[in-house]
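Below: the structure, in structure tokens.
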Amino acid sequence: MGDPTSTPTLEQLRAIILRRWWVITALLWPTVGGLSLWALRLEIAQLRQYFTWATLRYGLAYHRMAAVGLGLCVGLTVALLVAESRYILFGLAGAERQRLQRLADRIAAQGTTHPLWHRLHRDEPGP
């Protein structure tokens with residue numbers, strides 16, 4: 001079996017984890033984001049006619065669940081974009097590399113019963 005802490009393995013593990021976060025984000029937008037925008041439909045219509053920051057503020061203040069839902073969708077999207085940009089510009093950070101190494105070690109120790117083992121070790125036979 002190959003070294004579970006090699007750089008290609010860590011980058012592949014990072015890509016798998018981020019891909020899953022993107023799927024979660026893509027599912028959140030039509031569900032939670034759509035419901036939040038639907039709850040704010042009257043305020044959005046008013047904002048389209050005459051935009052003021054006060055209308056935006058009070059619309060979100062009086063529809064807290066819609067504001068939380070939009071905040072979740074926007075926040076997760078921005079966090080993923082920042083993480084991807086940081087990785088493109090600077091590569092793996094030290095703390096992230098250690099976290100991924102620990103995860104890769106746990107996957108290697110558990111073997112074929114771990115859900116991610118087959119994704120990381122496609123060419124290798126099981127133990």
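The values are calculated or read from the model by the stated rules, or taken from the named source; none is laboratory data. Owing to the predicted nature of the structure, the values given are computational and were not obtained by experimental measurement. Glycine gets a Cβ as well: all are built from the backbone with ideal geometry, and neighbour counts include every protein chain shown.
Laid out as a table, the results:
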{"item": "The stretch 86-111: number of residues that are exposed (fewer than 11 other Cβ atoms within 10 Å of the Cβ) and either of a type in the set (A, V, I, L, M, F, W, C) or at pLDDT below 85 (or both)", "result": "5"}
{"item": "The stretch 39-50, residues that are surrounded by 10 or more Cβ atoms within 10 Å (Cβ to Cβ) and over 29 Å from the mean Cα position of the chain (by Cα)", "result": "LEU42, GLN46, LEU47"}
{"item": "Boolean, ARG19 is within 27 Å of the chain's Cα centre (by Cα), within 30 Å of ALA109 (Cα to Cα) and in contact (Cβ under 8 Å) with a residue 12 or more places away in the chain", "result": "no"}
{"item": "Filter result for LEU28 (surrounded by 14 or more Cβ atoms within 10 Å (Cβ to Cβ), in contact with a helix residue (DSSP H, G or I) (Cβ under 8 Å, 6 or more places away or on another chain), within 29 Å of LEU13 (Cβ to Cβ) and touching a residue at least 12 places away in the same chain (Cβ under 8 Å))", "result": "yes"}
{"item": "GLY59 vs. criteria on the phi > 0 side of the Ramachandran plot, out of contact with any His (no Cβ under 8 Å at 6 or more places or on another chain) and either hydrophobic (A, V, I, L, M, F, W, C) or surrounded by 11 or more Cβ atoms within 10 Å (Cβ to Cβ) (or both)", "result": "no"}
